[in-house]
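Student: Pasting a structure below so you can have a look.
Read-outs: derived from the displayed coordinates by stated rules, not from any lab. Remember, it's a predicted structure, so these values are computed and weren't measured experimentally. Positions of Cβ are backbone-derived with ideal geometry, glycine not excepted, and every protein chain shown enters the neighbour counts.
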Amino acid sequence: MPKQQRAVRIEQKGQMAAIQQLETKSDEELAAETRYRAAAQALLGARAAERYDAPAARAHYERAIAAARPQERMQIRRMADANLAIAERRVGDIKAAAERLGVEAPSGRQLFGMRVLGLVAPPKSAGIFARIRGIVVVIAAIVAIVAVAFGIVKLIALPFGGLSLDLSIFYSFVLFFVAIGVAIYLGRRRQRAALAKRDADRAARLGG
């Protein structure tokens, strides 16, 4: 009997530690996972949340909770709360959910970025007004950035005798696209670093 109890404890630890070896699997492999189904579905839920696909994330976490042992369900529910808050851009709930989960809450800059994202690209569950507002905000932002670029081009060209209106508009759009490209590049670098840190935290949390 003592040996049997010890085996059960080891297996329970293996279920939670399995998150580390599942991290490298594709979504298709995780969906087909049967031995560590709860961990696999929780991972799929986290990945869906990272894509801001709240309905898919919720469905995966429901399957994870159903497949989990009773002692594992509270942790998975807390994971679901934190990740669904991110997927649904509920900035006000993210910090509290992260604290309940026992992980570091997003920084003020990250929360501000999520607020902007929620304004520009509202979740699928948002109403038509929120979607129209997002389109208007994007258009207004583009017009404002091009106007700033136009002013910069005019200011730079001033010592050289200035530029015609056509060339000023052309170089304004060139500057606009260069700025957008640099912003996308830096944003992707930061996103990769943030995702790597999140994966490490999740692996350490579930592995422990």
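Student: Count charges around residue 63 for me, please; just the other residues with Cβ under 14 Å from its Cβ, Lys/Arg as +1, Asp/Glu as -1. Spell out each step's value before the answer.
Tutor: Details: positive: 37, 47, 58, 73, 77; negative: 27, 33, 62, 72.
With Lys, Arg at +1 and Asp, Glu at -1, the net is +1.
Student: I would also like to ask the following. Which peptide among 27-39, 161-173 comes first, and what is the full order, when sorted by highest mean count of other Cβ atoms within 10 Å?
Tutor: Ranked by mean Cβ neighbours within 10 Å, highest first: 27-39, 161-173.
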